[in-house]
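Note sheet for the following structure.
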There are 2 protein chains.
Amino acid sequence: MTREKASIITLILVLGSMLHSPGSSAGPDSDILRFDLMPMPAKITPAEGKHRVTDGFYVAGDANPTARAFKAASRFMFRLSGRTGFFFQQDFLKSQAASGRESLVYNYEKAGKLEPFEDESYRLTIEPERIALTAKTDIGILRGLETLLQLMAADDQGYYFPCLEVWDSPRFTWRGLLIDAGRHFMPVDMVKRTLDGMAAVKLNVLHWHLTEDQGFRVECKTYPKLHLLGSDGFYYTQDEIKDVISFAGERGIRVVPEFDIPGHSTSWFAAFPEYASGPGPYAIERKFGIFAPTFNPAEEKTYRFFNGFLKEMAGLFPDPFMHIGGDEVEGSEWKANPAIQQFMRKNGIPDNHALQAYFNQRILKILTKYGKKMVGWDEVFQPGLPTNIVIQSWRGQEALVESARKGYQGLLSNGYYIDLCQPAWEHYLNDPIPKTSPLSEEEKKFILGGEATMWAELVTPETVDSRIWPRTAAIAERFWSPQSIDDIEDMYRRMNITSLRLEELGLKHLSYQAMLLRRMAGSDAVAPLKVLADVVEPLKRYARHEQAIYTSLSPFTRFVDACPPESMTARDFTAKVDRFLQTKDQALARDLDAMFIRWRDNHRLLLPIIHGSPILKEIQPLSEALTLAADTGIKALNLVIIGQSSDQAWADEIVRALAEAKKPKAHAELAILPAVEKLVKASAGI
Amino acid sequence: MTREKASIITLILVLGSMLHSPGSSAGPDSDILRFDLMPMPAKITPAEGKHRVTDGFYVAGDANPTARAFKAASRFMFRLSGRTGFFFQQDFLKSQAASGRESLVYNYEKAGKLEPFEDESYRLTIEPERIALTAKTDIGILRGLETLLQLMAADDQGYYFPCLEVWDSPRFTWRGLLIDAGRHFMPVDMVKRTLDGMAAVKLNVLHWHLTEDQGFRVECKTYPKLHLLGSDGFYYTQDEIKDVISFAGERGIRVVPEFDIPGHSTSWFAAFPEYASGPGPYAIERKFGIFAPTFNPAEEKTYRFFNGFLKEMAGLFPDPFMHIGGDEVEGSEWKANPAIQQFMRKNGIPDNHALQAYFNQRILKILTKYGKKMVGWDEVFQPGLPTNIVIQSWRGQEALVESARKGYQGLLSNGYYIDLCQPAWEHYLNDPIPKTSPLSEEEKKFILGGEATMWAELVTPETVDSRIWPRTAAIAERFWSPQSIDDIEDMYRRMNITSLRLEELGLKHLSYQAMLLRRMAGSDAVAPLKVLADVVEPLKRYARHEQAIYTSLSPFTRFVDACPPESMTARDFTAKVDRFLQTKDQALARDLDAMFIRWRDNHRLLLPIIHGSPILKEIQPLSEALTLAADTGIKALNLVIIGQSSDQAWADEIVRALAEAKKPKAHAELAILPAVEKLVKASAGI
């Protein structure tokens, strides 16, 4: 299409004079950045030579077939075979004994423990004849195998590993991802493929948010009504949970369960209204938000209930930590309950915050009895709690700094809310200990790391991968790599490569889009839909909730759901506009022109698809906005090229039109509009 | 690209005279074929009007929230919401009680049993105001809900169900799909999504092939060494099996386990060599084929072992039937074992067939004791076995006819080997009781149905969906629908629509291709790879095994694996060539010309991708063959259009070149070559 409908711009460029010499020059990156690694290791020393991969590639180590390292090496070989197409001679499932012709030798001192501060370091030496991977623990071996796999490259002669030496260990010991199975249930296979993805980018904590207003997701043998009445049938059996914990452990990943109390607990009361602070009746919540139902902290029976519950869960989940939530207690039930008010007066509890602190202290006592350390969100940080709890900050850096100064260990989640559809660079530059941190070196040690949070209001198992990946890989790098690794452009380059590689683990973040588009179109001819989807992003932060009342039963199969959080096409376009405005480079102008033409002509191709599929009707204004943006862009580009200023009135009118185009449409927005506006303003000399 | 490089043909067509009037005319299909249903119901009576779908769509029935029908109705609503994008007002997970404003009302008399000959019939009446679905059993309701969902259509005003009446019941009571988890382990999520796909096309038996030379895949509590030593760690826990059985049961699908004995059993002997007929030692087999290791039928301890094993399995699997395999006993161990030879002489057992019959009789006795009926492959049909066993025929119709005449119930699998990558129409025309069947009406009753078999030598969980779907939908129609439904063109039309719909169940048969291509290319710019993949098919039948020694550790991530078994592009192309040669229609010529140009120009685009990815090196000859075919096709098309005969020598040379092009390349073949050859021959008047 491009050539057929070439705009006048190509002609102008061909006929026009060279107004500007190309201004961009690729500066040499530092050596370390040349590798397609994510997260970047602490130290790499490149060397000469290549270790060739052939079908004789052989892995050897001291582990036995049931050991974590052995299994990881087997998975490594399957993935290496899958990427290279080699039919390896070694039966790597049967034996990894030294053969005298081994290509890769791994050695470790001991089995690593699944707890904070365990040693995950490794050293990797690639030589033309032999690759050596050594670590203190088998977990270090796992981390090193992922690095090795990421290092594989190709040239005319085939696949190879570049010779080099890597010394690596993580910056933070707690590198987590929260999966919210409460708001939308996430089946075991989603959890497992996510764990595989986490291992690939060296994350080491699955924070499993298991209870919410919308669902109680754990089989409970002490109080079976909890899962039977609180889940609509969507819960994990204890066998499944054990299976997930074992699967995670084999990948060096801890599983920290969260039971969010005393708020966010409506689903518990569908089974046990007697522990709530209000009169009920209660039913599983379908909507999203902060709701009134809250545990009754003034009744002893509440703590007897939790004693039974937490005892069972402490036995089920082996991790030393247990998360009790503690966020967003709405408070109205407490205020309206005379017995609770009386209890507060009697015990000198001045307000709801103090009442929650009292509740937390009681729960902490139970957890301690069963050998667990407590983790909670910001709000649990209240006077009176001992310092052996971990504060997870969703509110911000300040809260984390404050609690660290008081001697509490902390985790940062503020800035890592991947459900909000923000661009990767924003998360990437967010640091658990920013360079400007006011904390002393001693105080900094209290910051254990951070967690990306995949809150599940607006995702289903079908779409959730696209909200997690690839952006979580960038966050993983922030948690693992030295603070000095912060080049955004190179991060994006490596993140996009990593994204493709993550697919081999069964992750659907790339493949889901075409699948949804085909379903909407009722056809596999979805190219025009893809052109639009590639420049559209879901509304950011909480803006989607202003467009409709979403519930846990709503469809998440619409166009907006098929649009990833960050449009790489828009990012590329915006960068080109910026460079073009600086350099007036002709090649860039041609690229931009081609993009505009494609977008302008897309509407005509899209209309028949929209007309055949009522579910797509809502995207017509979005597509029209794209045409407007493209037409405008062509004109503005044209003016900038010939060095004429546009009519000021035209520019004003266009900026107004673009403001209209920027408004939410189909719960989404066109990600290219800011750059188009920049071009228009430049054309008008604004 | 197409227009830019338009060949001379377009010009010829524009300048040329109308040699022939368009010869194709679309004959009116019968009413029933207009619906996009698969399988087609027994009877449909169309009516006037449409039942509009709105966000007020409401489903009601008498079932309670834990009942099969209730859950099926909930899934129906999720899928309807997903397809339409409607935020339904009803909380269909909580209540499906009559509301006075219900759109769809389902009623059934009783819970269906999961066994052969259970009633699966239903009646569906769609009226503008109300849809009624009634059935004798809840299984009938499930079948009807699938039909209803397939009926949804759209017009300018939105989504609707067309008014009509359906009376439906299956032609065969046993409509199965075999999943081979022995040769390549298939995880639970693969089994579950397959079950969802099966339910969508009304299949009702999952034949789960659980043991093979390459793996023993079931947790066995009586003899845990079986799964611990025989599976490389890839086995189903009993909890997972129960979960799958429950999941299947909720979809009205029986689960028939197969434990393949006395051959195909190497993996058992990795744990228990003492029950084998040879001296051992034994290890899990990696290669594929027919192997010597076989149970020792002459030892009493063998039957004591099976007594313990089958007792446990009979308790685990509730289905009345159990499959004992019995195929392909290699025999050499029996011949080489003096004790077995002596046993045969002593007991008057003349040969290996008789020895296997003896073994089967002993096993049958054990199965009978534990309340199970026996199913076996052809070879179990031996004199001396009672007629209360079911024979599954992999060898052919004749064997099935013979056993039915002797009073054995039978299942047809010959002709339904979907692992062989044959086109859908071949399976579709294969009938468990062909019109030419010599059986009497009474004898025909012994034919229970058939099963598609997904043998797993050459598939992994990543690729297997593409070998099952959509072709199995065509087989499902053969098993369910009246024999008279046999229009191949309409079958393909409906199968391709069904294929898109199956994606909503998580099936990867369409999305996996782009994923594999991206991985091979290391980039998401895979369009030229897709152009090639769209006209390439894996080698048919067992020809791939002649190209390399595949094992269970081999990579199945190569180009050939990304090519579906049947190229719809090639099918479309071939049909166009045939019609063009009959009609000389200009529009067809233009279509063909455009296809040829695209194929011809593809190689240039593909080469840089191949050069960057060693795994793709093997497809260069395939791509060159496509260019040759396209160049040839353009010339031949040209000659036919202008009505000139080509040089006979040229045609001979081309036919020779095409013969070369047809040879296997990269374990695959170009599916368009026969049609190109036809065109060349026509151009030479051959």
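Every read-out reported here was derived from the displayed coordinates using simple, explicitly stated rules and does not represent laboratory data. All of these numbers come straight from a predicted model, not from anything done at the bench. Glycine also receives a Cβ, built like all others from the backbone with ideal geometry; neighbour counts cover every protein chain displayed.
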Student exercise, the stretch A:254-311 dipole from Lys, Arg, Asp, Glu Cβ charges, in Debye to nearest 20
160
Measuring from label point to label point, each 7 Å out along Cα→Cβ, what is the B:Lys335 to A:Ile686 span in nm?
9.0
Computed P(r) (all Cα pairs; the protein assembly as shown; 20 Å bins; percent)
9, 34, 40, 15, 2, 0
log₁₀ I(q)/I(0) of chain B at q = 0.05, 0.08, 0.10 Å⁻¹, via Debye over equal Cα point scatterers, no solvent, to two decimals?
-0.28, -0.71, -1.05
The stretch B:434-515: C-alpha pair distances exceeding 19 Å, %
50
Using Cα pairs closer than 8 Å and at least 6 residues apart in sequence, work out the relative contact order for chain B, in percent.
13
Can you compute the modelled spin-label distance between B:Asp156 and B:Arg405, with each label point 7 Å from Cα toward Cβ, in nm?
6.3
Please list the radius of gyration and Dmax for the stretch A:217-337, considering alpha-carbon atoms only, with Å as the unit.
15.0, 49
So, for the Cα atoms of the stretch B:561-640, Rg and Dmax in Å stand at 14.4, 45
Linear extension gain, A:Glu274 paired with A:Arg34, 0.36 nm per residue minus alpha-carbon span:
80.3 nm
Output the peptides B:60-66, A:336-342 sorted from most to least packed, where packing is the average of other Cβ atoms within 10 Å over each peptide's residues.
B:60-66, A:336-342
So which lysines can A:Lys335 reach, going by Cα to Cα under 19 Å and dropping same-chain residues fewer than 8 places off?
A:Lys346
Tell me, what HN-Hα J-couplings in whole Hz come from the Karplus equation 6.51 cos²θ - 1.76 cosθ + 1.60 at θ = phi - 60° for each residue of the stretch B:199-205, using x for Gly and Pro?
4, 5, 10, 6, 7, 9, 9
With the charge dipole of chain B built from beta-carbon charges (+1 for Lys and Arg, -1 for Asp and Glu) about the Cα centre, the Cα from B:Ser645, B:Ser81, B:Gln361 projecting farthest to the positive end belongs to B:Gln361
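How long is the gain from B:Thr66 to B:Ala111 if the chain were fully straight, where each residue apart is worth 0.36 nm and the alpha carbon distance is subtracted? Intermediate values should be presented prior to the final figure.
Values: separation 45, 0.36 × 45 = 16.20 nm, distance 1.23 nm.
Result for the pair: 15.0 nm of gain on full extension.
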Calculated from DSSP H runs of 4 or more alone, at -39500 (n - 2.57) each and per residue, what is the 222 nm mean residue ellipticity of chain A, nearest 500?
-13000 deg cm²/dmol
Selection of chymotrypsin sites (Phe, Trp or Tyr not before Pro), the stretch A:77-112, meeting DSSP coil and at most 15 other Cβ within 10 Å:
A:Phe87
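Determine, for B:Thr194, B:Thr368, B:Thr173, A:Thr294, the number of other Cβ atoms within 10 Å of each Cβ, and report the residues in order from fewest to most. Could the numbers behind the result be given before it?
On the way: B:Thr194 26, B:Thr368 14, B:Thr173 18, A:Thr294 29.
In increasing order of surrounding Cβ atoms, one gets B:Thr368, B:Thr173, B:Thr194, A:Thr294.
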Once both label points are put 7 Å beyond Cα along the C-beta direction, the B:Asp486-A:Trp650 separation in nm becomes 6.9
FRET efficiency (B:Lys365, B:Arg395; Cβ distance; R0 30 Å; to 0.05) is 0.70
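Kindly identify the stretch A:44-136 as rounded, prolate or oblate by the Cα gyration tensor criterion: order the square roots of the eigenvalues as a ≥ b ≥ c, call it rounded if a/c is under 1.5, otherwise compare a/b with b/c, prolate if a/b is larger, else oblate.
Details: a/c = 1.87, a/b = 1.24, b/c = 1.51.
Oblate shape, in that a/c is at least 1.5 and b/c is the bigger or equal ratio.
Across the residues of A:552-559, average count of Cβ atoms on other protein chains within 10 Å? It would help to have the intermediate numbers written out before the result.
On the way: counts 2, 12, 6, 11, 3, 8, 3, 1.
Counting Cβ atoms of other protein chains within 10 Å of each residue's Cβ and averaging gives 6.
To check you understand DSSP bridge types, tell me what percent of the beta bridges within chain A (both residues inside) are antiparallel, rounded to 5. Provide the component values of the computation, followed by the final result.
On the way: 28 of 70 bridges.
Antiparallel bridges: around 40 percent, rounded to the nearest 5.
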Spin-label proximity, A:Trp167 to the stretch A:482-516 - amide N less than 15 Å from point 7 Å beyond Cα toward beta carbon:
A:482
Of B:Ser99, B:Leu149, B:Ile634, which is farthest along the charge dipole of chain B in the positive direction, counting Lys and Arg as +1 and Asp and Glu as -1 at C-beta?
B:Ser99
If you take the beta carbon distance between A:Asp239 and A:Ile642 as r and set R0 to 56 Å, what does 1/(1 + (r/R0)^6) give as a FRET efficiency, to the nearest 0.05?
0.20
